[in-house]
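As structure tokens, the structure follows; a few thoughts come after it.
The values are calculated or read from the model by the stated rules, or taken from the named source; none is laboratory data. Here the structure is a predicted model, which means the values were calculated and not measured. Here the Cβ positions follow ideal geometry from the backbone for every residue, glycine too, while neighbour counts run over all protein chains shown. Surface accessibility is based on the protein's heavy atoms, side chains included, excluding ligands, DNA and RNA. Shrake-Rupley method; radii C 1.70, N 1.55, O 1.52, S 1.80 Å.
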Amino acid sequence: MNSALKAIVDGAIRRNPTFVLILGMCPTLGTTATALTGLSMGLATLFVLICSNGAISSIKRLVPGQVRIPVFIIVIASFVTILQMLMQAFVPALYTSLGIFIPLIVVNCILLGRAEAFASKNSVLLSLADGLGVGLGFTAALTLLGCVRELLGSGSVFGLTVYPADFGALVFVLAPGAFIVLGFMIALFNYINRKS
């Protein structure tokens with residue numbers, strides 16, 4: 001159990017995919033204009049990470065080494081398809097707002113990287129814990145980035161007004177603002193990690 005907790009903490013903090021490993025930048029920059037879309041994309045990726053890590057770990061002995069990557073992609077794509085169907089059925093507005101980024105989870109380097117580096121070499125429990133940790137780290141990063149961008153750009157967080165939108169800087173809601181905020185957040189995260 002101790003190693004499962006270590007895998008969660010490592011994935012969320014020490015190997016945070018956004019702030020430390022700088023992976024998954026396409027959804028990070030493309031879906032964080034608001035806190036809600038950032039949180040939603042993070043939770044969607046979390047779901048696929050946990051399910052695919054568990055599945056890949058459980059079938060690792062059955063998959064020949066020569067075809068492991070295509071098999072991993074098929075497993076990930078299966079869970080993304082399930083996620084798409086669930087989102088279309090139960091939260092169609094959110095599915096529409098995330099758009100192309102949901103099917104692009106299949107080719108997110110975070111998922112394939114964790115499948116290859118961790119799930120294919122460890123037990124199911126540790127792989128689930130790793131998926132949870134990395135997914136929580138990614139979700140926290142996207143939500144935090146979305147909160148900062150929404151606050152600076154439109155004066156609200158999760159749609160709750162903090163100050164009038166007239167005082168917001170539109171650049172933070174647009175693509176350049178994503179790069180600016182992400183750069184400062186990476187620097188701050190790494191500074192805090194080095195201090196502790």
Some residue of the stretch 56-78 being under 11 Å from the mean Cα position of the chain (by Cα) and not polar (S, T, N, Q): no
Search result, residues across the stretch 92-103 that are open to solvent by 50 Å² or more (accessible area, probe 1.4 Å) and either closer than 18 Å to GLY54 by Cα or of a type outside the set (Ser, Thr, Tyr) (or both): PRO92, ALA93, ILE100
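Residue-wise test of (1) open to solvent by 30 Å² or more (accessible area, probe 1.4 Å); (2) in a helix (DSSP H, G or I); (3) under 18 Å from ILE74 (Cα atoms).
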| site | (1), (2), (3) |
| --- | --- |
| ILE105 | no, yes, yes |
| LEU111 | no, yes, yes |
| ARG114 | yes, yes, yes |
| PHE118 | yes, yes, yes |
| ALA141 | no, yes, no |
Boolean, SER58 is among the polar types (S, T, N, Q), closer than 24 Å to SER123 by Cα, assigned to a helix (DSSP H, G or I) and open to solvent by 20 Å² or more (accessible area, probe 1.4 Å): yes
For ALA44: the one exception among (1) among the hydrophobic types (A, V, I, L, M, F, W, C); (2) within 11 Å of VAL106 (Cα to Cα); (3) open to solvent by less than 10 Å² (accessible area, probe 1.4 Å): (2)
Hits in the stretch 92-106 - residues which are free of Cβ contacts under 8 Å to residues at least 40 places away in the same chain and at negative phi: PRO92, ALA93, TYR95, THR96, ILE100, PRO103, VAL106
Residue in the stretch 137-157 that is closer than 16 Å to ASN16 by Cβ, of a type in the set (S, T, N, Q) and modelled with pLDDT of 90 or more present: yes
Enumeration of residues in the stretch 61-79 that are open to solvent by 50 Å² or more (accessible area, probe 1.4 Å) and either under 17 Å from GLY131 (Cβ atoms) or among the hydrophobic types (A, V, I, L, M, F, W, C) (or both): LEU62, VAL67, ILE69, ILE73, ILE74, SER78
